[in-house]
Amino acid sequence: MPELEQEVGSMIIETLNLDGLGVHDIDPEQPLFGDGLGLDSIDALELSLAISRRYGVQIHADDDVIDVFASLRSLSEFIRDNRQR
Amino acid sequence: MKRFPLLVPRDPGMWIFDHQGGLTQSEFLHRVHSLADELPARRHAVMLTKGRREFLIAFCAAMMRGQTALLPVNDTDGAVAELAGSFPDSYAMLDAARTLTLESVAVGSLPASDGGHVDFPDIPADHVAAILQTSGSTGEPRAHEKTWGEMVIGARRWQERFAIDATDYLVATVPAQHMFGFEASIMLPLQTGAGVYGGQPFYPADIAGALGLANDPTLITTPVHLRACTRGTVDWPLIRRIICSTARLDSRLAEQCEAKMRVRVSEIFGSTETGAIASRRTAVADRWRCLDGINVELRDSVAYIRYSESGGAVRLDDTIEVVDKSRFDLRGRPTDMVKIAGKRASMTDLSLRLNRIDGIEDGVLLCCETPDDDIDRLIALVVAPTLSTRQIRSRLAREIDPVFLPRRVFHVTRLPRNATGKLSAHDARILVDRLTRR
């Protein structure tokens, strides 16, 4: 798993308190919301906050958030392309 | 019969704001009239519009046709089918066309119409304007009818408490289908002429962008959004006031938010049954002050609110301590009911649904306050040797609203039930503490 994906995966687990889950339990292609990890809109806000603090990226709904949060891979790519720090 | 205006006129400038340019009241009414002409001759319109601008157009067109707006608790296919089943003579209003089993009208696809004079219509006070749903303690949905007259009087109470007029501009992060969102972002702009943002911003950066579209914005939001706004790194424009509801606002969060966003944060206490009842400035006050025309009273230690206009009384689920007829302290809510992100459910009903899943031998859902603050999430204790956490969550997701899905699922060999099979909250808590310390 690429380094950034591991880092973002750990951030998701820490931010959302997903106890009992390790980075390697997250399939990078698996959806984060709904059927996959089963995250919901409250989690999306929490994650957007963690991402803005850590990487200086603000998530906008018109960034096509469904795509950004589609999987660990898509989220990591979005962060890689937009990070300020 | 008494009638109330559909829309209170304001100056000719923008009324609905968005990043594409927005609508004046006259442009808005032209769209309402042309949509009203297109609507099927049915009694109930299921409001599935997500945009606030589309909701306003659809709602007003339904009012002009003498129809009733049905506000679903969520837009899952199940919820829509259930609603249409309870109200057979219904069709759906959508932002844009999509496939639905129900007959539907797409509001967004309507062509813009010409200018020219347009009437500001009146609606009879006794017309049933909307039906909202709540889940009762058995989990069965209950329908609450709202007449146009009571919604208008409700909006005037808000107007009086917060001194809102046509110079205001309202931005709401809550859906219009929820009672708080319906009162604050639909009825309030219709009845005061205050400008309104045409969408529903979600992320802090979107919220800041929407607030920046006009002067003196008011943010209508929830504790979850306020927390994200307060802790994030977005720059905030000058905000006139924040009005928060749907879940209890933590006073520390209210304080931090006031400091960071340089604005007063008011919290509303209310329910789907009653609409807004009282408000307080949570950072500095514990005590609730009733809106104008609403009183509280205790009868045989049961709390009621009484409307001065109609004399009607509604029983409250919450335990309150009455200070005088217009002030009270809140002392908690019945333990079986949980409220997350403005949605209410019975813990007993949620646990029943968990136990109906094949492979769950025994299980219970518990409400667990997160250590760092204010937002309740659920956890599950299950005896289910053959099911993974993911399987349990995904099967439960077909049954219950996603906000009630357990954040964590603990597999145990048995639940600490007593001899009568009852699981006490105390014993469950001890088990959870042990599991989470591990």
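Here are the numbers for the structure shown:
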{"quantity": "Residues B:L435 and A:M1, FRET efficiency given R0 of 25 Å [Cβ-Cβ distance, rounded to 0.05]", "calculated": "0.30"}
{"quantity": "Separation between Cα centres of region B:396-427 and region B:198-270, rounded to whole Å", "calculated": "34 Å"}
{"quantity": "Exercise: per-residue mean of other protein chain Cβ atoms within 10 Å, B:224-231", "calculated": "3"}
{"quantity": "Relative contact order computed over region B:54-110 (Cα-Cα under 8 Å; 6+ residues apart), in percent", "calculated": "27 percent"}
{"quantity": "Cα gyration tensor shape of region B:3-330, rounded if a/c is under 1.5, else prolate or oblate by comparing a/b with b/c", "calculated": "oblate"}
{"quantity": "Most to least packed among B:338-345, B:159-166 [average Cβ atoms within 10 Å]", "calculated": "B:338-345, B:159-166"}
{"quantity": "Extended-chain gain in nm, criterion 0.36 nm per residue less alpha-carbon gap, B:R281 and B:H117", "calculated": "54.7 nm"}
{"quantity": "Taking B:V383, B:V284 and counting other C-beta atoms within 10 Å, the order from fewest to most", "calculated": "B:V284, B:V383"}
{"quantity": "Peptide B:198-204, shielding by other chains (average Cβ, 10 Å cutoff)", "calculated": "5"}
{"quantity": "For peptides B:386-399, B:25-38, sequence by mean Cβ density within 10 Å, most packed first", "calculated": "B:25-38, B:386-399"}
{"quantity": "Length-normalised contact order of region B:232-387 in % [C-alpha pairs under 8 Å, at least 6 apart]", "calculated": "14 percent"}
{"quantity": "Share of Cα-Cα pairs in region B:230-356 lying beyond 22 Å, as whole percent", "calculated": "46 percent"}
{"quantity": "The protein assembly as shown: calculated mean residue ellipticity at 222 nm from DSSP helix runs of at least 4, using -39500 (n - 2.57)", "calculated": "-9000 deg cm²/dmol"}
{"quantity": "Separation between Cα centres of region B:62-119 and region B:323-363, rounded to whole Å", "calculated": "31 Å"}
{"quantity": "Rg/Rh ratio calculated on Cα atoms of region B:84-217 (Kirkwood radius)", "calculated": "0.99"}
{"quantity": "Linear extension gain, B:T386 paired with B:M1, 0.36 nm per residue minus alpha-carbon span", "calculated": "132.2 nm"}
{"quantity": "Segment B:A97-B:R306, length gained on full extension (0.36 nm per residue, minus Cα span)", "calculated": "70.9 nm"}
{"quantity": "Over the protein assembly as shown: Kirkwood hydrodynamic radius from C-alpha pairwise inverse distances, Å", "calculated": "24.4 Å"}
{"quantity": "By average C-beta atoms within 10 angstrom, highest first, the peptides B:75-81, B:405-411, B:349-355", "calculated": "B:405-411, B:349-355, B:75-81"}
{"quantity": "Relative contact order [Cα under 8 Å, 6+ residues apart], chain B, whole percent", "calculated": "11 percent"}
{"quantity": "Between region B:159-192 and region B:20-42, the alpha-carbon center distance in angstrom", "calculated": "20 Å"}
{"quantity": "Distance in nm between pseudo-label sites at B:A143 and B:A41 (7 Å out along the Cβ direction from Cα)", "calculated": "2.2 nm"}
{"quantity": "B:Q20 versus A:N17: modelled label distance in nm, points set 7 Å from Cα along the beta carbon direction", "calculated": "4.1 nm"}
{"quantity": "Peptide A:49-58 - average C-beta neighbours from other chains (10 Å radius)", "calculated": "4"}
{"quantity": "Candidate lysines - alpha carbon under 28 Å from B:K339, same-chain residues fewer than 8 apart omitted", "calculated": "B:K50, B:K146, B:K260, B:K325, B:K422"}
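Throughout, read-outs are computed from the coordinates displayed, never taken from laboratory work. These numbers were taken from a predicted model, which means no experiment stands behind them. We place every Cβ from the backbone using ideal geometry, glycine too, and count neighbours over all the protein chains shown.
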